[in-house]
Amino acid sequence: MHEMMVAENLLAAISDEAAKRDAKPIGAKISCGMLYAINDEALCFAFEAISQDTPCEDLKLQIEHKSLQGLCTKCNQNFDVELSQPRCSKCGSEDFKLLPDAPLMLEEIEFQTE
Ligand SMILES: [Zn+2]
């Protein structure tokens with residue numbers, strides 16, 4: 001199960017950071033590309049299951065899906081590719097290269113302040 005593996009990596013990364021700061025993590029934001037086959041619910045469920053009885057228990061996961069990026073071969077512009085209408089946002093050209101999908105990233109961890 002893909003999400004379980006992702007959840008385990010996240011838990012390890014967040015626990016590391018929490019130990020370094022000696023603080024309880026209460027939230028985390030991750031982002032990943034659109035093509036990254038991740039199911040938000042399955043990931044949150046997996047994370048909840050493995051974080052029980054760890055400092056990451058009750059942590060809120062927030063997952064942001066980033067759109068695909070294209071690079072226009074005409075005007076060299078980077079833009080978000082709309083799947084329904086794939087064309088350059090600047091010059092309207094349909095001649096562009098798809099850039100690699102964004103990797104899964106841990107963007108931010110929120111810690112309890114008290
Ligand atoms: Zn263009």
*If one takes the longest principal axis of the Cα atoms in the chain, at what angle in degrees, from 0 to 90 and to the nearest 10, does the Cα axis of helix 40-51 lie?*
20 degrees
*Compare the Cα positions of Ala46, Ala23, Val81 along the charge dipole of the chain (+1 at Cβ of Lys, Arg; -1 at Cβ of Asp, Glu; about the Cα centre) and return the one farthest towards the positive end.*
Val81
_For a test of the definition: using alpha carbon positions, the gyration tensor, and the 1.5 limit on a/c, classify the range 12-59 as rounded, prolate or oblate._
oblate
*In whole angstrom, note down how far apart the Cα centers of the range 10-44 and the range 49-114 are.*
15 Å
*Specify whether the C-alpha gyration tensor of the chain places it in the rounded, prolate or oblate class, a ≥ b ≥ c being the square roots of the eigenvalues: rounded for a/c under 1.5, otherwise prolate if a/b is larger than b/c and oblate if not.*
prolate
*Quick one: which residues, 5 or more positions from Lys66 or on another chain, have an amide H under 5 Å from its amide H? H modelled 1.01 Å from N in the peptide plane, none for Pro or chain starts.*
Cys32, Gly33, Met34
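Taking the DSSP beta bridges in the chain as the whole, what percent of them are antiparallel, to the nearest 5? Show your work: numbers first, answer last.
Numbers: 12 of 19 bridges.
Taking every DSSP beta bridge with both residues in the chain, the antiparallel ones total about 65 percent.
Hey, what's the chain come to in accessible area per residue, 1.4 Å probe, Å²? Write out the running numbers ahead of the final one.
Details: 7530 Å² over 114 residues.
Computed with neighbouring chains in place, this is 66 Å² per residue.
Counting alpha carbon pairs within less than 8 Å and at least 6 residues apart, what relative contact order, in whole percent, applies to the chain?
That works out to 35 percent.
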_On C-alpha positions alone, give me the angle between the axis of helix 2-21 and the longest principal axis of the chain, in degrees, nearest 10._
60 degrees
*Give me the percent of the accessible area of the range 40-114 that comes from carbon and sulfur atoms, probe 1.4 Å, all protein chains in place.*
45 percent
*Please report, in debye to the nearest 20, how large the charge dipole of the range 22-114 is about its Cα centre when each Lys and Arg carries +1 at its beta carbon and each Asp and Glu carries -1 there.*
720 debye
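The values are calculated or read from the model by the stated rules, or taken from the named source; none is laboratory data. The shown structure was predicted, so the numbers you read here are calculated from the model rather than taken from an experiment. Heads up, the Cβs are rebuilt from the backbone with ideal geometry, glycines too, and the neighbour counts pull from every protein chain shown. Note: areas computed on protein heavy atoms with side chains; ligands, DNA, RNA excluded. Shrake-Rupley method; radii C 1.70, N 1.55, O 1.52, S 1.80 Å.
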